[in-house]
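Okay, so here's the structure we're looking at.
The values are calculated or read from the model by the stated rules, or taken from the named source; none is laboratory data. On a predicted model such as this, the values are computed, not experimentally measured, just so you know. Quick reminder, even Gly has a Cβ in these numbers, built from the backbone with ideal geometry, and neighbours come from all protein chains shown. Surface accessibility is based on the protein's heavy atoms, side chains included, excluding ligands, DNA and RNA. Shrake-Rupley method; radii C 1.70, N 1.55, O 1.52, S 1.80 Å.
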Amino acid sequence: MTSIFDRAARLSASLLSAWLLAVTLLTAGASAEPTFSFTATPGKLPKTVVPIHYALDLKPDLETLALIGSETIDIEVLEATDRLVLNAVSIAITSASIEGIGPASDITVDAPAQTVVLTFPGKAAAGRHKLQIAFSAQINRFGRGLFMVDYPTAEGRKRMISSHLEPADARRIFPSWDEPAFKASFDLAVTVPENFLAVSNMPVAREAGVGGGLKRVWFARTPKMSSYLFVLAAGELERLSGEAEGVSIGVVATRGKSGNGRYALEQASNLLKYFNDYFGVKYPLPKLDLIAVPGGFGGAMENWGGITFFESRLLFDSATSSLDAQRGIFIILAHEMAHQWFGNLVTTAWWDNLWLNEGFASWMQLKAAEHLHPEWESWLNSSGAKQAAMAEDSRRTSHPVQQPVANETEAMAVFDIITYSKGQALIRMAESYLGADVFRAGIRLYMQRHAYSSATTADLWGALETASGKPVASVAAAYTEQAGVPLVVAEATCAGEEQRITLRQERFSVRDPDAARQRWRVPVVLGPLRAAQPAEIVLLDGQAEIAAGRCGEPVKLNLGDVGYYRVRYDAASAAALARAIGTMAPADRINLLADSWALVESAQGAPQAFFELVDHIAHDDNRAIWEQVLRTFARINHLERGRPGRAPFRAYARAKLGPVFAGLGWQASAGEASSRTLLRARLLRALGDFGDEAVLAEAKRRFTAFLRDPPSLTPDLREAVTHLAGRTADRATYDMLLALGRKTTNTDERMRYYSALASARDPALARDTLAIALTDELPTSMIPALIGWVAGAHRELAWDFVRENFAALTAKQSPSYRNTVASGLLGGFADPARAAELANFAPAHETSGSRITAARAQERILADADFIERGLPAVDDWIARRNGR
């Protein structure tokens with residue numbers, strides 16, 4: 001069967017020439033010269049002094065959590081000065097001096113600005129100098145800066161340390177120029193217990209015992225890099241080693257677990273070869289370590305040469321881990337390894353261009369998956385990311401992917417779905433219409449121009465323009481420099497036997513009648529559903545009219561679902577497409593379903609249109625199509641919470657999904673396609689959450705059997721079955737889940753058991769779960785997740801708990817937690833009173849970044865409340881009539 005990706009590839013050549021011709025006629029060329037200017041880069045630090053090299057000596061104490069350090073920094077003074085301004089947070093500087101000038105006469109800390117000013121008795125002349133600083137810092141209990149992790153083992157609890165520095169936390173470990181434009185090399189020496197393995201960006205150069213059960217470890221010098229890419233991890237660790245194209249690749253894990261890194265090691269080797277070829281620049285470091293950390297943070301971080309992962313995101317145990325987990329490991333591994341080039345070798349100059357790092361890595365993770373594992377159909381099965389970005393981008397609180405960032409708190413706020421998933425979608429759209437080979441040539445040029453330096457969005461467009469000979473920036477800028485989603489309105493008319501379609505462009509928005517008018521040049525791919533009929537492309541700049549086949553023939557826009565825009569058809573065309581949905585490629589069915597529901601939420605479409613599309617989907621249809629349906633069903637279920645329409649909707653959902661699950665059955669057949677395996681688990685969980693009593697009873701029976709005989713429950717069903725057992729848990733089942741969670745040393749299993757017990761519908765059990773958040777039972781990084789899991793079933797209970805225990809909870813978490821926890825929890829409500837409560841919750845407005853986060857949460861609350869009042873009655877009416885039939 002030919003996939004949509006093959007079809008899209010065949011379209012590329014014809015679309016490319018038409019698109020580039022249209023662009024050329026509409027725009028003038030732009031300069032391809034690099035635009036990055038160090039002195040013009042935003043940031044708090046003066047650009048008159050530049051670090052060249054850091055020589056660090058760190059002595060962490062894992063018992064007292066103190067960090068004693070010293071550093072010698074080679075600096076380049078560009079303008080004579082007697083004042084140096086560095087970043088430092090929770091660091092006490094005991095001495096500072098410049099060779100030839102003497103010790104600092106004054107050391108002034110500006111805590112709100114996260115800076116320290118060193119004043120000297122004389123001016124340092126322009127040129128090279130050595131700055132020496134002695135300091136003390138702390139090892140944090142939360143996952144920023146250098147942090148500790150306590151984790152369970154068969155011999156009892158152990159402790160290790162690791163670091164997490166993006167965007168601005170190197171300043172918690174050592175005084176530094178902690179802004180991405182300041183690049184320098186690093187020498188590191190660290191003193192750790194003799195039984196520890198220490199890992200940093202570069203290989204160990206040498207080590208020696210220093211007495212008292214300690215040793216000192218020296219690492220080789222790093223290349224020039226931004227301070228946030230520095231990494232240090234140390235503990236009772238072991239390394240599983242491999243090699244690819246002359247690079248030593250290792251999976252580093254706590255003792256006894258490195259064997260579960262074999263899958264990641266194999267995939268990392270394949271990815272390194274692929275990226276070396278794609279970027280045209282070899283991975284420049286001698287080693288790449290993948291470090292599994294059993295706590296501290298929940299994702300992964302692309303530190304150059306030493307990527308850190310939350311343990312369950314890297315380690316795979318075939319006896320307990322699911323197929324879905326295996327694919328997830330590959331995706332996050334591909335994302336972080338892509339950063340070794342796009343983000344590390346070439347770094348954004350400031351956080352306003354963060355999308356260059358994260359959008360590109362998000363695109364490359366799927367590009368690599370398509371190349372190395374085409375059977376996964378990764379673009380098709382990841383369509384939800386673009387849909388979620390478009391939903392957020394339709395709100396009045398959205399932001400451009402490239403936007404001003406004033407400080408560290410605002411930098412943290414832009415690590416969001418717009419930066420990642422909209423950025424991903426825009427890069428995919430650019431590649432699709434430039435052509436894969438031309439696009440890659442532009443990326444290679446970008447790497448060559450900016451290696452070991454910084455770059456901006458304009459630099460990327462300049463490289464692509466040079467490679468293609470076309471003015472890319474003049475089209476792309478509308479998508480990166482302004483927020484919002486284009487809406488293409490298509491209206492078909494007939495003139496005899498000929499059909500003509502008028503296209504016009506609007507802005508798609510939800511609950512924003514006064515949204516500013518915006519203009520994009522939208523590359524619209526359209527055509528009839530007949531496979532033999534070639535698609536057309538229109539670069540829509542306002543309005544256009546085109547001939548479109550025979551009168552009455554369905555014509556689909558956004559063929560292949562590569563474009564970043566919504567489509568609204570006239571009623572007759574929409575009905576014709578609904579009837580023909582079964583003949584469409586899977587990507588086009590997903591696109592039609594997603595646009596149909598989006599129009600309902602924006603009050604431009606009727607629920608009936610969406611549900612009729614669902615009715616035309618076959619029970620044995622593609623997994624990705626059912627995933628899109630399930631996303632919308634979950635959305636409706638969320639909006640129906642506490643309303644009389646929830647029970648009828650759930651009955652409808654069970655009736656719709658039940659036959660699909662029945663066709664799959666509980667047991668996998670021999671040689672079953674992986675898509676069926678993954679869909680089975682997804683449907684199982686959804687049906688249980690929608691209250692399917694037969695599914696819940698069978699899940700409970702299988703969980704009981706699993707307790708007696710673990711191999712009786714396949715890894716691919718364990719998450720869903722355990723979740724449903726927790727959802728319906730009585731006290732005995734809850735206690736069993738808690739005992740399992742406390743006993744296991746497998747982080748993946750630990751997360752599974754605690755998330756299941758946190759899903760309990762019984763309020764008394766939910767209160768017991770929340771009480772765990774005030775103890776040291778779990779790493780601090782798991783506490784926000786634990787509270788969030790409880791909030792899934794008990795929003796009011798979770799928020800009341802946080803409000804009542806705010807001081808105790810925030811004392812254990814990172815500083816940003818106190819500013820964002822209310823937005824995260826209250827944003828799940830759909831009551832205007834909760835939006836007002838958030839507006840009056842002072843900690844959510846203490847920083848400019850948290851105010852941005854709070855405004856987004858308030859908008860979500862009000863938009864959901866508005867839809868419940870305006871749109872949900874029509875959904876309820878359709879469901880009632882459907883159930884009645």
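Of note:
- Rounded, prolate or oblate (a/c below 1.5 giving rounded, otherwise prolate when a/b exceeds b/c) for the stretch 768-885 by Cα gyration tensor: oblate
- Shape call, the stretch 91-187: gyration tensor on alpha carbons, a/c limit 1.5: prolate
- Tensor-based shape of the stretch 619-758 (alpha-carbon gyration tensor, a/c under 1.5 rounded, otherwise prolate or oblate): oblate
- Per-residue 3J(HN,Hα) values for the stretch 387-404, derived from phi via the Karplus relation 6.51 cos²θ - 1.76 cosθ + 1.60 with θ = phi - 60°, read 5, 5, 5, 5, 4, 5, 6, 8, 8, 5, 8, 5, 9, x, 5, 10, 9, x Hz in sequence order (x marks Gly and Pro).
- Between the stretch 636-678 and the stretch 34-73, the alpha-carbon center distance in angstrom: 53 Å
- Distance from the stretch 299-315 to the stretch 223-237 (C-alpha centre basis), Å: 11 Å
- Exposed GluC sites (Glu not before Pro) absent - longest run of the chain, DSSP non-H/G/I/E/B, at most 15 other C-beta within 10 Å: 246-480
- Calculated mean residue ellipticity at 222 nm for the chain: -13500 deg cm²/dmol, from DSSP H runs with n ≥ 4 weighted as -39500 (n - 2.57), summed, divided by the residue count and rounded to 500.
- The chain, accessible surface, carbon-and-sulfur percent (1.4 angstrom probe): 52 percent
- Positive minus negative residues near F309 (Lys, Arg vs Asp, Glu; Cβ under 11 Å): -3
- Among (i) 14; (ii) 31; (iii) 22, the entry derived from the coordinates for percent of Cα pairs over 53 Å apart: (i)
- Annotation for A113 and T64: the two label points, set 7 Å from Cα along the Cα-Cβ direction, are 3.2 nm apart.
- The stretch 712-781 versus the stretch 466-494: alpha-carbon centroid distance in Å: 47 Å
- Per residue, the solvent-accessible area of the chain (1.4 Å probe, heavy atoms of protein chains only, all protein chains present) comes to 36 Å².
- FRET efficiency, 1/(1 + (r/R0)^6) with R0 25 Å, evaluated for L78 and A134 via beta carbons: 0.45
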